[in-house]
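The values are calculated or read from the model by the stated rules, or taken from the named source; none is laboratory data. It should be emphasised that the depicted structure is a prediction, and the values quoted were computed from it without experimental measurement. Every residue, glycine as well, gets a Cβ built from its backbone with ideal geometry; the counts of neighbours run over all protein chains shown.
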């Protein structure tokens, strides 16, 4: 099975390394420097003070024919537009798996002509050290669910057992995506504003109070999720990933754009349409946007 992985960030490197153990993997990057780097040195993965190396083919996305048996899209939501344009010209029978946070991308990917489109929710922790090195900071699994289509074409991905890198097929993509969204909303903005690791959220009663209020605001938007996620689950995840720095915090530290629009912005648009007032969520959104702007020179 030939798998193309679009995106050379932490998640793209992580998936490329592990999937190359069982499949013919090509990483599709956007910068020539990264293509040259990985083709020269391969990918180095660090886990628990041990190092592992994999050698895969890397191509420029804009020069690739995208002739694969399956494509995994691992770019961030705000970088999706050119990728979606490229995917529009690929074989509609090729399954597409999207790994973005939030919900802002779902309606856009539904407009693609492909017969099989899946959403993914990545539980792993990953930190990109440079263009060819990634640290696996936390073991988890990749949950996937069909937005439309059927399992034909991705069976191999589901049945292969890859050490430290399991996949799990879920029944309902909306519930799966929303559960991950609850976790992102309650962890990412607060850690990026306070510049703290995940574990501090569960240890500081003031942060915990804000998380609880955010959880209540989310339930106003998604009352059907009441039976599918508990507040304590999010607290437990913050504790189990206590030494991790959230992806939004890392973006702030590196002075990059964050995913605040797809994590909080899309929710505030929904709240406005439905006449909901969510003051904590709105305040956190404005704070993250302000910090992001200051880091990038105003």
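Being farther than 24 Å from residue 2 by Cα and either crowded, with 21+ Cβ neighbours inside 10 Å or in the same structural domain as residue 247 (by TED's automatic domain parsing) (or both): is that true of residue 105 here?
In short, yes.
Could you tell me which numbered condition residue 196 fails, if it satisfies all but one of (1) surrounded by 20 or more Cβ atoms within 10 Å (Cβ to Cβ); (2) more than 13 Å from residue 235 (Cα to Cα); (3) not assigned by TED's automatic domain parsing to the domain that holds residue 109? The single condition residue 196 does not satisfy is (1).
Touching a residue at least 24 places away in the same chain (Cβ under 8 Å) and at positive phi: is that true of residue 7 in this structure? Considered against the rule, which asks whether it is touching a residue at least 24 places away in the same chain (Cβ under 8 Å) and at positive phi, residue 7 comes out as yes. Assess whether residue 97 counts as being modelled with pLDDT of 95 or more, over 10 Å from the mean Cα position of the chain (by Cα) and crowded, with 19+ Cβ neighbours inside 10 Å. For residue 97, the condition - modelled with pLDDT of 95 or more, over 10 Å from the mean Cα position of the chain (by Cα) and crowded, with 19+ Cβ neighbours inside 10 Å - is met.
Quick test of your reading of the structure: residue 5 fulfils all but one of (1) touching a strand residue (DSSP E or B) at 6+ places or on another chain (Cβ under 7 Å); (2) buried (at least 20 other Cβ atoms within 10 Å of the Cβ); (3) assigned to a helix (DSSP H, G or I). Name the failing condition by number. Exception for residue 5: condition (3). Does segment 231-245 contain at least one residue that is modelled with pLDDT of 95 or more, farther than 30 Å from residue 128 by Cβ and assigned to a loop (DSSP other than H, G, I, E, B)? No, segment 231-245 has no match at all. Considered as a group, the residues in segment 277-298 that are surrounded by fewer than 16 Cβ atoms within 10 Å (Cβ to Cβ) and in a loop (DSSP other than H, G, I, E, B) include one that is nearest to the chain's Cα centre (by Cα), and that residue is 296.
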